[in-house]
Amino acid sequence: MTWKSSHGSTERLSATTTPTLGKRSAAANRPEGLNGLNGLNGRQGAERQRLIIASNRGPVSFSVNPTTGKFQSQPGAGGVVSGLLSATQNRPVTWIALAMSDADRAIARAHEGGEGHVVREFPNISLRLVETSEETYRRYYDGVSNKALWFIQHYLLQPTTHPLPAQVTKDWEAGYRVVNEAVARAVIDELETADYDTPVMFQDYHLYLAPGLVRERFPWARLTHFVHIPWPEARYWELAPDVMTRGIFAGLAGNDIVGFQTERDARNFLDGAQRFLPDVTLADAAPGEVGALLVDGRRVSARVYPIAVSPDEVYAQANAKPSDETAELLARARPTPGHKLILRVDRVEPTKNIVAGFRAYERMLQQHPNLRERVTFVALLVPSREGLAEYRAVLRQTQQTIARINKRYGTATWQPIIAVFGNDRARALACMREFDTLLVNPLMDGMNLVVKEGALVNDRAGVVVLSRTAGAYEQLGQYTLGVPPTDVAAMSEALYQALSMTQRERRARATGLLNILLQESATTWLRAQLRDLAAQTGRPQVVYRTGSAAAAAVTTPAPRATARSAVHPAVHPAAMRSAADLLNRETLMAARHAIPNPTTSETHVALHLP
C-alpha cells in the first residue's frame, strides 16, 4: 500500500509523546519528512511495469470444496507471501510458484502452456503454478529446504548431535535441483515474451539455483534475489555437501543483486562466494552496496533491504473490534488495571527458542516472588511443519514446560502462562496492543516482523526484549532490551527490567521504535530493490569478444521488444541490432556494470533511518 500524501504539518514524535493506537493510522503518527520517502511522486509509470516474482508459495492456494466439488482458493500462508502481496498490490505481477496440493496441480495442468491463472482476490496478479510430482516436491521442500537449508542458515546444524539427513545429497539431486530447473523454465518462458527491462524477483532459500539457470539462457535478464533468513559465515557452509554449497553460491551469483536482511548477512555471502566460487573477485563497494562480486565480467551487488510491514495495513487490522473470545482472553490475562502482561507470538519451531523464554520467566518468578499473581505470560503459538519430527519434539517440549510452570506456581485465581495454540492474526494484533513486555528471543532470525507489528500497534508504551541474534536487532536494537538468546539468566533479568522500567523510559523507547517503523513499508522495501536493479542494469552493456582481453562498451538503448530472437535464443532481439559490433553472436555476454556509476545511485530508503 502506498502512503497517502498529507497536507497538514507533521512533527517527529518526541520522547514525551505517549504512543496510543485508538483509531490510529500511519498518517496520524508520521514523522517529519516521511511524505517525500513514501509518496514517491512520479512513480506511476514504474508502478505499471510488469514484475515477475518466483517463490515457493503463491498468493493463493487451492482446494476442492467437499460440498460443491468446485475449486476454492485461500490466501497463501506465510510472511513472505503476505509481505509481497502488500508490496505489489498496485502493479501487474506474474507470480510463479510451486503447486503444493492436488488442487494446485489440477489448476497448473488446466493452464499449462497458456496464460497464467488470474487470481480473483488479487486482480493484478497472474498466477503460474509449476507442477512437479509429490515425491519430487517432498524431497525439495522437506528433504532439502526445511531439513537442510533452514537448519544450516539458522546455525542449528550440529554434526555430532544433529547432522544433515543421510539422504540429503539424493534429495538435492532428485528434488531441489529438479524443482529449481522447473521454476527456471517457467521464468524463461515468461521472459521470452516480456519487455527487455522486466524485473525478476526470486524469493528466499527454496530457489537458490534458479537465477543461475535463467542467466545461462538469457544473459540480459534483470534478476534480483532476496534472502529472508540469515546467511551464515563461510566456514559453517563447509558442514554441507560440496555440491550443495557450490551450487547455492553459483546460483545466487546469477543475479544482478542479492538482497539480505542485515549487513552481516551480506558480508557473509560475499566471503562465502570468494571461498567457494573459482574465478570470482571482490569489487569495491559502490554507494548503497555492502560489496560486490565480479563474476564472468558481471557485477553482482550485495545489498541490504530490511523487510518491513505496512503501517496503514497493520493499523487497519488492529483497529478492528476483538472477538468475544479474544476479549475474554485479555480479561483473564489482565484481571486488574495494574496487572502486567508479557506476550510472545511465535511459530512453534526450533529457532524460536520458546522453552528458554518460559524458563527465563520461571526464573524471574523464583527471584522476584512479589511478581507472582501480578504478571501473566500470554503465549500465542502457531504449530508449524508438524510433519517433521524435530518440530513435533519442540511442540511437545513446549507443552510440557508450560504445564510444569503452571503447576508449580499457579493458584486458584492465577495461571502464570496462558498459552493459545492456533493461527489467528486478529487475536495476535489485539494482544499486541495490550502487552507491557514483548519477548522475542529466537536463536537466530532473518528479521522477525512480530517486533515491528508489536511496536507499531502497542497502546501501553510496551518494552521489547529482543535477541541480539535477530535481524530486527540490527535495525531497532537501540530502543529494545537486547539479550543473548541462550542466557536464561540474562533474559530473566531483562524481563524484570522491562516490567520495572519508568514510564518515561518506556515512552522514549516506544517512540524511538515508532519513528523508525513509520518511515518504512512493504512498498518502500520493494521499490528500493527495483530502483537499485534498474540503476544497475540500465547502464551501458559490456560485450566480450572471443580471444579478447578487452571489453568494449556498447551503448544500447533499453529496448521494448516483446519477441525473442529466433537466431540465437540466449540473446535478446535488441542486442542483435548492431551485428557489426558483435563479431561473434555465439560468445555474446551482456554483462552489465563492470564499473559502478556513483552519479546514478540513490539513497537507500530502508537503511538511512534516524
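The values are calculated or read from the model by the stated rules, or taken from the named source; none is laboratory data. Owing to the predicted nature of the structure, the values given are computational and were not obtained by experimental measurement. All Cβ positions, glycine included, derive from the backbone under ideal geometry; neighbour counts span all protein chains shown. In case anyone asks, the SASA skips ligands and DNA or RNA and just uses the protein heavy atoms, side chains included. Shrake-Rupley method; radii C 1.70, N 1.55, O 1.52, S 1.80 Å.
Quick one: grab the alpha carbon gyration tensor of the stretch 454-514, order the square roots of its eigenvalues as a ≥ b ≥ c, and give me rounded if a/c is under 1.5, else prolate or oblate depending on whether a/b is larger than b/c. Provide the component values of the computation, followed by the final result.
Values: a/c = 2.26, a/b = 1.27, b/c = 1.78.
Since a/c reaches 1.5 but b/c is at least a/b, the shape of the stretch 454-514 is classed as oblate.
Can you bin the stretch 384-459 into rounded, prolate or oblate? Criterion: square roots of the alpha carbon gyration tensor eigenvalues sorted a ≥ b ≥ c, rounded for a/c under 1.5, prolate for a/b above b/c, oblate for the rest.
oblate
Give me the accessible area per residue for the stretch 73-180, probe 1.4 Å, as a whole number in Å².
With the other protein chains kept in place, the stretch 73-180 gives 42 Å² per residue.
Ordered by packing density, taken as the mean number of other Cβ atoms within 10 Å over each peptide's residues, highest first, how do 327-337, 380-390 rank?
380-390, 327-337
Sort 366-373, 211-218 by the packing proxy (mean of other Cβ within 10 Å over each peptide's residues), most packed first.
Ranked by mean Cβ neighbours within 10 Å, highest first: 211-218, 366-373.
If we sort 157-168, 268-279 on the protection proxy, mean other Cβ atoms within 10 Å, highest first, what's the order?
So the order, starting with the most tightly packed, is 268-279, 157-168.
Find, to one decimal place in angstroms, the Kirkwood hydrodynamic radius of the stretch 187-286, where the mean of 1/r is taken over every pair of different Cα atoms and then inverted.
For the stretch 187-286, the Kirkwood estimate is 14.1 Å.
Say the cut-off is 26 Å between C-alpha atoms; which of Lys340/Lys452; Lys70/Lys170; Lys352/Lys407 go over it? All intermediate terms of the calculation are to be shown ahead of the outcome.
Values: Lys340/Lys452 21 Å; Lys70/Lys170 37 Å; Lys352/Lys407 24 Å.
Pairs exceeding 26 Å: Lys70/Lys170.
Return the long-range amide H neighbours of Arg298 (sequence gap of 5 or more, or a different chain), with a cut-off of under 5 Å between placed amide H atoms.
none
Given H placed on each backbone N at 1.01 Å, which residues far from Val60 in sequence or on other chains put an amide H within less than 5 Å of it?
For Val60, the qualifying residues are Gly76.
Cα centroid distance between the stretch 219-283 and the stretch 395-463, in Å?
If we compute the Cα centre of each part, the gap is 35 Å.
List the residues, sorted by chain then number, that are 5 or more residues from Arg347 or on another chain and whose placed amide H is less than 5 Å from its amide H.
Here Val382 satisfy the definition.
Which residues in the stretch 321-357 have a backbone N closer than 20 Å to a point placed 7 Å from the Cα of Glu386 along the Cα-to-Cβ line?
Residues passing the 20 Å test: 345-355.
Could you go through the stretch 474-486 in sequence order and give the Karplus-derived ³J(HN,Hα) for each residue, using 6.51 cos²θ - 1.76 cosθ + 1.60 with θ = phi - 60°, rounded to whole Hz, and x for Gly and Pro?
For the stretch 474-486, the Karplus curve yields 4, 9, 10, x, 5, 10, 10, 9, x, 9, x, x, 9 Hz.
Measuring from centroid to centroid over Cα atoms, what is the spacing of the stretch 70-116 and the stretch 119-141 in Å?
6
Using R₀ = 30 Å, calculate the FRET efficiency as 1/(1 + (r/R₀)^6) where r is the Cβ-Cβ separation of Arg50 and Ser133; round to 0.05.
Working: r = 31 Å, r/R0 = 1.02.
My answer for the efficiency is 0.45.
State the extension gain, in nm to one decimal, for the chain segment bounded by Ser101 and Glu263, taking 0.36 nm per residue of separation less the distance between their alpha-carbons. Don't skip to the answer; put the middle values down first.
On the way: separation 162, 0.36 × 162 = 58.32 nm, distance 3.68 nm.
Full extension of this stretch gives 54.6 nm more.
Spin-label point model (7 Å from Cα, Cβ direction): what's the Ala534 to Gln400 distance in nm?
Between Ala534 and Gln400, the label points sit 5.6 nm apart.
Across the stretch 94-100, in residue order, what do the Karplus-derived ³J(HN,Hα) couplings come to in whole Hz, using 6.51 cos²θ - 1.76 cosθ + 1.60 with θ = phi - 60° and x for Gly and Pro?
Whole-Hz 3J(HN,Hα) from phi for the stretch 94-100: 9, 10, 9, 9, 7, 6, 9.
Which of the three applies to the stretch 118-169, rounded, prolate or oblate, going by the alpha-carbon gyration tensor with a ≥ b ≥ c and a/c under 1.5 meaning rounded? Before the final figure, lay out each step's value.
Details: a/c = 5.75, a/b = 2.26, b/c = 2.54.
Verdict is oblate for the stretch 118-169.
Across the stretch 189-201, in residue order, what do the Karplus-derived ³J(HN,Hα) couplings come to in whole Hz, using 6.51 cos²θ - 1.76 cosθ + 1.60 with θ = phi - 60° and x for Gly and Pro?
4, 5, 5, 4, 10, 8, 4, 4, 9, 5, x, 10, 10
Translational diffusion coefficient of the stretch 398-506 at 10 °C, 1.306 mPa s, Stokes-Einstein with Kirkwood Rh over Cα pairs, in µm²/s as a whole number.
106
Could you give me D for the stretch 273-326, from Stokes-Einstein at 37 °C and 0.692 mPa s, where the hydrodynamic radius is the Kirkwood radius over C-alpha pairs? Units µm² s⁻¹, please.
It comes out at roughly 219 µm²/s.
Per the 1.4 Å probe, what fraction of the accessible area of the stretch 255-323, in percent, lies on carbon and sulfur atoms?
Using a 1.4 Å probe with all protein chains present, the stretch 255-323 comes out at 47 percent carbon and sulfur.
For Ser323, Ser492, give the ranking by accessible area with the largest first, probe 1.4 Å.
Values: Ser323 55, Ser492 5 Å².
The ranking, largest first, comes out as Ser323, Ser492.
Just the number please: accessible area per residue for the stretch 362-439, 1.4 Å probe, all protein chains included, in Å².
46
Taking each pair of distinct Cα atoms in the stretch 327-390 once, what is the resulting Kirkwood hydrodynamic radius in Å?
13.4
Out of the total accessible area of the stretch 58-186 (probe 1.4 Å, heavy atoms of protein only), what percent is carbon and sulfur?
On the way: 3050 of 5730 Å².
Within the stretch 58-186, the accessible surface is 53 percent carbon and sulfur.
For the stretch 55-124, compute Rh as the Kirkwood radius over C-alpha pairs and then the Stokes-Einstein diffusion coefficient at 4 °C and 1.567 mPa s; write the answer in µm²/s, rounded to an integer. Numbers along the way, then the final one.
Numbers: Rh = 12.8 Å.
For the chosen part, D equals 101 µm²/s.
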